[in-house]
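Asks: Below you will find the structure I want to go over with you.
The values are calculated or read from the model by the stated rules, or taken from the named source; none is laboratory data. Please read these numbers as outputs of a predicted model, since none were measured by experiment. Note: ideal-geometry Cβ built from the backbone for every residue, glycine included; neighbour counts use all protein chains shown. Remember, those area values only see protein heavy atoms, side chains included, never the ligands or the DNA or RNA. Shrake-Rupley method; radii C 1.70, N 1.55, O 1.52, S 1.80 Å.
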Amino acid sequence: MFKKILPLCLAALSSVAASAADLVIAESNQCNYQVVIPDKGADEVVDNWLLATAKLMQAAFEKNGFKAEVVKEGAKAADKPGVYLGATEFAKKNGIKVEQHDDWTYYQKVVGKDLIIAGNDKKDPDKTVRHTKTSLALLGTVKGACDFLRERAGVRFLFLNKDQSPCGLDKDGSVKIDTRSIAFTPVQKIAVPDNLDLKKTPMMRANHDGAYETFNYIAMNFFPPMSDIEAANVVWYKAIPPAEYAKSHPEYFALMKDGKRACELKINFDDNMMYCVTHKGVQDLMFKAAESLITNGVKTLSISTLDGYCLCRCNCEECNKLFGMKCESSDEMYARGKSGKLWQAFFGITERIRKKYPDVKIVLLNYQDTPVNAEVIKEFPENVIVKIQYASQLDFDKLAGVKFPAGICGFEETFTGFGQAGPYVPERTPEHIAGVVQAQARNNVKWSMRDGSIGYVRGMQAPAYYVYGRMMDDTSADWKVIYKEFCDAAFTNVASQMTGFFDLLHAQIAIYSDFYGVMMPAWNRKYSRSRYHDSKWHVMSMFTPEYMAEAENLLASAEKNAKDPDVKARLNLIRIEFDYIKNMSKIFYLQNAWTMNKSKIYLDPLVDAIDEWHAFLEQHAGDSKKGGSKPVEGWPEMRPFNGHGYGHAALVNDLYQQQWKNTCLNWDTKAIRAGILDDKHELKVAAAEEAPGIDNSNAWANVTESFFKDRGGMPYTNVRTTMKVLRDKDNLYVRVDSLYPSKHPEDMYGKEMDGDIFKEEYVEIGIMPPDGKIYRLAANPVEGSRYDSAFAPNEKKRMTEDIKWNGKWEFAFKVSGKKGPYSLPGRIWTAWFKIPYSEFGEKAPAAGETWGFNAARNRIGQYMLWSDAPSVADTNGLGQITF
């Protein structure tokens, strides 16, 4: 599987180049060369890519005043030399055998006055580009041509753009070159040594964050995974579908501590299912799934790792024996995972594969419950390739003393969306990332995938991306030289300002990059989840007011003095990302001022800043009802925030290792401006002209909207909860709209009347009519779910609850938005109460009569009320409704 790459002796090549004469391809506005492609390649995908590559080369020549015609080999002029791309007949006649390589190896060879650039180019038979259905391809020639253009023709592949065509050609057969991401720096001459005979094998066979191919990705060594690397994945819940086996073989599923099987629990999605990993039937089905792939020609496959320790939770006798302990608590679950005993269950499958199919390799990820260190495992089976999760040399150091006969591949945490300061701030410095590449080379990582997209911050993180890709061309290179190469090419006449801008940025984020960044020493719950040491703190520690002011001056100077439209477009992207960070940091610092002195003087600027933040996001990331960020001005192929829309960019939810939902970013400024913080909670109830049902929008349309806020805290837009109240001569009507339920209402359990509904999300009302009692009414968004009781003062004048009181009130609910794995933040459930006055032994209230009243929503751990109080039945916390 892993072939030893013969190192390229750069010193020797330099010596050869120095003694060789130049073969001049273009000089002084003169070029007699044609760019030659095969008459017909291996398939249409390869033909398109080679044509696109030839046209890119043609464009690079033209940018420097050289004209080079693109022709097929059969039409080549006999009196003109050629730059031959791909598996041409000329390349074959001159001993270039590209078919012997199954990686991105390419050749550059001078034959007389001709130059050959060729690698193995072939369509992947099994994989396509994500979202486009365009076939992936191994494109060694394209990599070789991109390196030629960079080394010899001044082309710089600077930015990883978002919307570049993955198939190389536009629909009309032309190549539309994104000159904001690809720069053409001026050269006086394009030449190669006249004895050039180079074979180069890139450091990685694949290095990706999803199946995608563009010129920039290929040039920068971000190769997609071909199917011969990891052709297929054996997935637990697909090999053992819960719907198929839950009833017939419940023993396949984890035995929980209460004696139930996991298949009996209400688990939202199959990929959260827990299995009995030691059961023979489970092992048989996983082997069968692997064998079906192998018999279809797969030579390398993965066995998936389930998130959340799902394979460590079974309490059957065999699992307890395997792990040496039961799993009846989270601590025991983590201890099982840390033990690494789960490897043995995986090896039960891989050993069966090895005996029957000795040439097949299986990739296993060292994730959560499968750690790798000498205390856990000394040597892996010869047919197992371990996918190592890493972010620096520190992670490779942990592997000391462990043998990997089949080698390792990578699961990178270099650039992800999991940084504690959020997905849209720069995470790594170029210096750190250069060290990562060198660590990969030292540890012989042959292919890698990334745990999340590389491109969340495609402007401010661009120098680190560039250093990362270029260092893979030569791991001995000086990252500072590559960094300067980027700044000079990307920003031309304002390179000095932008170099200063990035130098300042990298100094600010260095501690975060190396200490708090993903998988670094402080990236753990001990540091990141302490109560006052959260995501906000990381943003404020890096992006201080003093830093923001100095960086703003440098960026503004570059914007003022930039002349080239391409440079201006690049600065537009960086401006969007910088203002995003600047606005967020400003909000946090203003909140600190208000927290220390809670006066209107400090609150008003804070509320204004929050509104400006969201207006900024709607401008660049789309409005809150639409997905997908907008293209950067002057750069249609580039979208900020990794193309994500408003909901993601606004950080409305806590994310992995991040805490956002209860920060001031999500304060409900509409509620604050409406006076919720100092509201006396006195509400005049309007009379309804018609009975207001739950769906009667006309009846509710003009009713005053009241807001809920966290008990002792603030109102939040991401869980906005509002109430409207109406009356008629016999009834009081209350409607509560709750955004973002704690889980999908369809997954909540139905409860009997007066049952324990309080384990699920619920809304409740407290009403105190003139009789002095407080009546509590509560319900879940579940059919038939309701609870009521009455509180009355005892002999000590303390309110005691009588759960035997049952009122004849009506409740209904509805849910908007479709159920889906990521749809919860946009869903709303509406609760509707119809409460007859007669249930309290009262007649219709007289005009001007007031009753005590409160309403609340318990979002399981987040208690929001109309009137701040310990509960809706608290007499001191009741507001008033006036009839």
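Asks: log10 I(q)/I(0), Debye, Cα-only region 106-146, no solvent, q = 0.35 Å⁻¹?
Replies: Each listed q maps to, in turn, -1.04.
Asks: In addition: Whole number in Å², please: accessible area per residue of the chain, 1.4 Å probe, ligands, DNA and RNA not counted.
Replies: Counting only protein heavy atoms, the per-residue value for the chain is 43 Å².
Asks: Continuing with this model, one more query. Evaluate the relative contact order of the chain (contact order divided by residue number), counting alpha-carbon pairs under 8 angstrom at least 6 apart; express in whole percent.
Replies: Averaging sequence separation for qualifying contacts and normalising by length gives 7 percent for the chain.
Asks: If contacts are Cα pairs under 8 angstrom and at least 6 residues apart, what is the relative contact order of region 416-513 in percent?
Replies: Value for region 416-513: 38 percent.
Asks: On to the next question. Could you compute the net charge surrounding Trp479? Neighbours are other residues with a C-beta less than 14 Å from the C-beta of Trp479; K and R count +1, D and E count -1.
Replies: Around Trp479, the surrounding residues sum to -2.
Asks: A further question follows. Among Pro463, His249, Phe491, whose Cα projects farthest towards the positive end of the dipole of the chain, with charges put on the beta-carbon of Lys, Arg (+1) and Asp, Glu (-1)?
Replies: His249
Asks: Could you give the distance between the Cα centres of region 81-98 and region 596-661, to the whole Å?
Replies: Comparing the Cα centres of region 81-98 and region 596-661, I get a distance of 53 Å.
Asks: Now for a separate question. Based on the alpha carbon coordinates of region 564-605, what radius of gyration and maximum Cα-Cα distance (Dmax) apply, in Å?
Replies: That works out to 15.8, 48 Å for Rg and Dmax.
Asks: Find which of Gly627, Ile610, Met596 sits farthest along the positive direction of the dipole of region 566-636, computed with +1 on the beta-carbon of Lys and Arg, -1 on that of Asp and Glu, about the Cα centre.
Replies: Positive-end residue among those listed: Met596.
Asks: Still on this structure, please answer the following. Could you count how many Lys pairs in region 230-315 have their Cα atoms under 15 Å apart, skipping same-chain pairs fewer than 8 positions apart?
Replies: Lysine pairs meeting the criterion: 4.
Asks: Just to be sure I understand: of the beta bridges DSSP finds with both ends in the chain, what percent are antiparallel, rounded to 5?
Replies: Percentage antiparallel, nearest 5: 70.
Asks: List the aspartates and glutamates whose alpha-carbon lies under 19 Å from that of Lys630, not counting same-chain residues fewer than 8 positions away?
Replies: Qualifying aspartates and glutamates at Cα under 19 Å: Asp163, Asp178, Asp566, Glu577, Asp579, Glu612, Glu618.
Asks: Now, a different point. Normalized C-alpha radius of gyration of region 782-834, against 2.2 N^0.38 Å?
Replies: 1.74
Asks: With Cβ to Cβ distances under 11 Å as the rule, what net charge do the other residues near Pro81 carry (K, R +1; D, E -1)?
Replies: Result for the neighbourhood of Pro81: +1.
Asks: When we measure straight from the Cα of Lys200, which lysines land under 22 angstrom away, once same-chain ones fewer than 8 places off are left out?
Replies: Within the straight-line cut-off, Lys200 pairs with Lys3, Lys4, Lys92, Lys93, Lys97, Lys109, Lys113, Lys122, Lys123, Lys143, Lys446.
Asks: Okay, moving on. Student exercise: in region 774-883, how many lysine pairs 8 or more apart or on different chains have Cα atoms under 24 Å apart?
Replies: Lysine pair count for region 774-883: 7.
Asks: Here's a follow-up. Suppose accessible area is computed on protein heavy atoms with a 1.4 Å probe; arrange His506, His648 from highest to lowest.
Replies: So the residues, ranked largest to smallest area, are His648, His506.
Asks: Report, to one decimal in Å, the Kirkwood hydrodynamic radius for the chain based on all distinct Cα pairs.
Replies: Answer for the chain: a Kirkwood hydrodynamic radius of 31.2 Å.
Asks: Within the chain, what whole-number % of the accessible surface is contributed by carbon and sulfur, with the 1.4 Å probe and all protein chains included in the calculation?
Replies: Carbon and sulfur together cover 49 percent of it.
Asks: Follow-up. Considering only protein heavy atoms, with the full assembly of protein chains and a 1.4 angstrom probe, order Lys680, Lys247, Lys582 by accessible area, largest first.
Replies: Heavy-atom accessible area, descending, gives Lys247, Lys680, Lys582.
Asks: Hey, another quick one. To the nearest 20 debye, what is the magnitude of the charge dipole of the chain about its Cα centre, counting +1 on the Cβ of each Lys and Arg and -1 on the Cβ of each Asp and Glu?
Replies: Around 1020 debye, computed over the chain.
Asks: Here's another thing I want to ask about it. How would Arg735, Arg798 line up by accessible area, probe 1.4 Å, largest first?
Replies: Arg798, Arg735
Asks: Moving on to the next point. Tell me the net charge near Ala290. Cut-off is 15 Å between Cβ atoms, Ala290 excluded, with +1 for each Lys or Arg and -1 for each Asp or Glu.
Replies: Net of charged neighbours comes to +3.
Asks: Assigning unit charges at the beta carbon (Lys, Arg +1; Asp, Glu -1) and nothing else, what dipole magnitude in debye, to the nearest 20, does region 800-883 show about its Cα centre?
Replies: It comes to approximately 700 debye.
Asks: Moving on. Please work out the Cα center distance from region 818-835 to region 345-423, rounded to the nearest Å.
Replies: Their Cα centres are 42 Å away from one another.
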